[in-house]
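Notes follow once the structure below has been shown.
The values are calculated or read from the model by the stated rules, or taken from the named source; none is laboratory data. Being a predicted model, the structure only gives us computed values, none of them experimental. Virtual Cβ from ideal backbone geometry, glycine too; neighbours counted across all protein chains shown. In case anyone asks, the SASA skips ligands and DNA or RNA and just uses the protein heavy atoms, side chains included. Shrake-Rupley method; radii C 1.70, N 1.55, O 1.52, S 1.80 Å.
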Amino acid sequence: MKGKDSKSGAYPNKNSKVVPITLMFIVLCGFSFYLGGMYCSEKNHFFNKDMASLIQGHKAVATSIAPLQMKAVTFPECGLDFQDYTPCTDPKRWRKYGNYRLTFMERHCPPVMERKQCLVPPPNGYKPPIRWPKSKNECWYRNVPYDWINNEKSNQHWLRKEGEKFIFPGGGTMFPNGVSAYVDLMQNLIPGMKDGTVRTAIDTGCGVASWGGDLLDRGILTVSLAPRDNHEAQVQFALERGIPAILGIISTQRLPFPSNSFDIAHCSRCLIPWSEFGGIYLMEIHRILRPGGFWVLSGPPVNYENRWRGWNTTAAEQKSDLDKLKRLLTSMCFKLYNKKDDIAIWQKSLDNTCYEKLTPSSYPPKCDDSLDPDSAWYTPMRSCITVPNPRFKKLALKSAPKWPERLHVAPERIGLVPGGNAGMFKHDNSKWKARVKHYKTLLPALGSDKIRNVMDMNTLYGGLAAALIKDPVWVMNVVSSYGINSLGAVYDRGLVGSYHDWCEAFSTYPRTYDLLHLDGLFTAESHRCEMKYVLLEMDRILRPTGYAIIRESTYFIDSIATLAKGMRWGCQKHDTEYNVEKEKILICQKKLWYSKQSSNDEIKSAF
């Protein structure tokens with residue numbers, strides 16, 4: 001008992017502390033309410049006076065910052081062997097990278113110390129491109145002087161050389177009767193290609209982009225995709241013709257497009273081994289196709305019963321390949337939609353019902369939540385199925401507005417943009433209509449046949465492209481890989497584009513765009529990307545006699561003009577449509593010049 005009493009004295013009853021603790025809690029609560037009342041009563045006074053003066057002070061400081069000044073500079077010419085230089089897909093650097101799944105053909109940009117600080121020359125005899133729509137059927141030989149593709153593909157009627165021109169008769173490996181007859185058959189198999197349901201398409205292994213070119217006349221906008229190569233220059237031919245195209249390859253990294261973007265994907269004997277590597281290439285096609293979108297395959301192993309003798313194979317091998325392909329497509333929730341002759345069409349699941357039936361042991365499995373389905377800039381492909389977000393009810397092809405209505409309807413995915421809503425979308429449309437009207441007074445060539453290939457270098461919703469929709473142009477809408485992810489909304493409008501980081505070179509050949517437009521790009525990216533290299537990249541991809549519309553803060557505008565002069569551009573500074581004091585517009589034109597050098601040896605000092 002003694003020990004027990006002793007313990008009780010050392011650790012008194014806890015109930016004896018309840019009353020003082022409760023009183024202390026009440027006092028503290030009361031004091032906090034008192035302070036809160038004082039704060040609230042003075043809140044308006046504080047913000048209206050002290051904060052207002054603080055904000056005005058910041059504005060005064062911003063206004064007083066002197067514009068960025070830059071010393072005059074003259075950029076030298078690159079050697080003639082750089083006339084088709086593509087920095088991030090340079091064949092001269094391929095041997096540094098592995099052959100596995102052709103990874104050497106993916107983007108591999110040079111380190112900073114190896115970047116070129118010179119102007120890429122045009123080929124000798126270069127002429128301003130033939131104007132659209134005539135350019136769809138012919139181009140100047142000297143602008144894309146590649147005899148290899150002419151010699152190797154002449155029997156397939158890809159193109160033929162006639163005097164000073166290449167002629168594009170609209171042939172192809174799988175459409176010997178011409179691309180129009182081929183597309184006619186495809187439209188009969190997919191009625192949605194006729195009524196505006198199908199609007200955006202991707203052509204993998206595009207040849208000279210005859211399929212995409214034919215679809216333009218049918219209201220379908222196609223991104224033609226092909227890798228850089230030593231001889232064929234497929235993408236350069238496409239862009240010279242005025243047809244949308246981009247350098248790229250399905251290999252180990254995702255293509256630079258968001259999920260659920262394209263209404264139709266096409267492969268006409270594109271030689272992509274779809275059933276190899278566990279079907280990972282098909283999984284990428286699945287990712288970028290909309291629910292209810294179509295995958296069209298013509299060529300091996302389709303129609304092998306009648307074609308196998310010309311494919312250097314056996315009927316048994318082709319049957320095995322086709323069976324394997326069918327199993328893979330079924331496991332990814334594709335269904336055979338239609339088939340006739342050399343064309344087979346599969347449709348991606350319209351909703352998530354099929355994916356819900358997949359078990360943890362299914363192959364391929366559903367992707368987990370650890371990777372954003374829209375992440376597509378140097379993002380490794382994964383062997384899993386990207387399931388569409390059930391939050392979005394109008395992603396499916398059957399639910400999306402038909403073209404051209406979808407251009408003007410606020411996309412569901414605008415909700416992924418901070419503050420994005422229908423009101424902001426409407427305001428953005430109005431803003432760009434006013435801007436484009438003003439641009440046309442400053443640059444009369446805009447809206448004429450002098451400008452065909454346009455790039456909006458840092459778009460939000462594709463407002464520039466929408467405002468130009470009735471003009472004879474197409475627009476590559478670029479969304480920063482480090483900025484707000486709005487590219488899905490751009491595709492939802494029936495427009496096309498790509499992710500990109502302007503600290504690196506774009507995936508295209510030199511001299512492929514007639515007009516480059518940027519809106520505050522240097523304000524947004526100058527902390528990461530050096531202005532000099534961005535402008536040199538603009539010069540590389542801009543055609544001689546082409547234009548740039550540079551809309552920028554007055555802080556940067558004069559230094560941009562200085563660098564542009566060093567690139568042999570002629571620029572004029574203008575006010576914006578509403579005479580905004582802190583923003584100006586530069587209208588620049590690149591001059592046509594020819595290299596004075598006969599070899600790259602004379603230019604080594606420039607690097």
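Quick notes
- With contacts taken as Cα pairs under 8 Å at a separation of at least 6 residues, the stretch 434-483 carries a relative contact order of 39 percent.
- Of all DSSP beta bridges confined to the chain, the antiparallel ones make up roughly 45%.
- Gain on full stretching of the segment that runs from Glu276 to His574 - 0.36 nm per residue minus C-alpha separation: 101.7 nm
- Shown are Val183, Val73, whose ranking by accessible area with a 1.4 Å probe and every protein chain present, most to least, is Val73, Val183.
- Protection proxy ranking of 576-588, 202-214 - average other beta-carbon atoms within 10 Å, highest first: 202-214, 576-588
- For the chain, alpha-carbon Rg over 2.2 N^0.38 Å: 1.17
- Gain upon complete extension [Thr441, Asp184; 0.36 nm per residue less C-alpha separation]: 88.4 nm
- One decimal place: the segment Met70-Ala316 gains 81.7 nm when fully extended, by the rule 0.36 nm per residue minus the C-alpha distance.
- Per-peptide average of other Cβ atoms within 10 Å, ordering 98-108, 532-542, 264-274 highest first: 532-542, 264-274, 98-108
- Short-range pairs are left out: with C-alpha atoms under 8 Å and at least six residues apart, the relative contact order of the chain is 15 percent.
- Under 14 Å, Cβ to Cβ, from Pro401 - net charge with Lys/Arg +1 and Asp/Glu -1: +4
- Using just its DSSP H runs of length 4 or more, each adding -39500 (n - 2.57), the chain gives a mean residue ellipticity at 222 nm of -8500 deg cm²/dmol after division by all residues.
- Cα centroid separation - the stretch 339-377 against the stretch 501-542, whole Å: 35
- Separation of the stretch 84-142 from the stretch 221-259 is 12 Å, based on Cα centroids.
- Neighbour net charge for Trp346 - beta-carbon separation under 12 angstrom, K R +1, D E -1: +4
- Most to least packed among 289-298, 477-486, 453-462 [average Cβ atoms within 10 Å]: 453-462, 289-298, 477-486
- Residues whose placed amide H lies under 5 Å from that of Lys165, excluding near-sequence neighbours: Tyr141
- Cα shape, the stretch 443-539, gyration tensor, a/c 1.5 rule: oblate
- Residue-normalised accessible area of the chain, given per residue in Å² at a 1.4 Å probe: 46
- Remark: relative contact order (the stretch 387-485) = 22 percent; criterion is Cα-Cα distance under 8 angstrom and separation of 6 or more residues.
- Magnitude of the charge dipole, the chain, Cβ model with Lys/Arg +1 and Asp/Glu -1, debye to 20: 920
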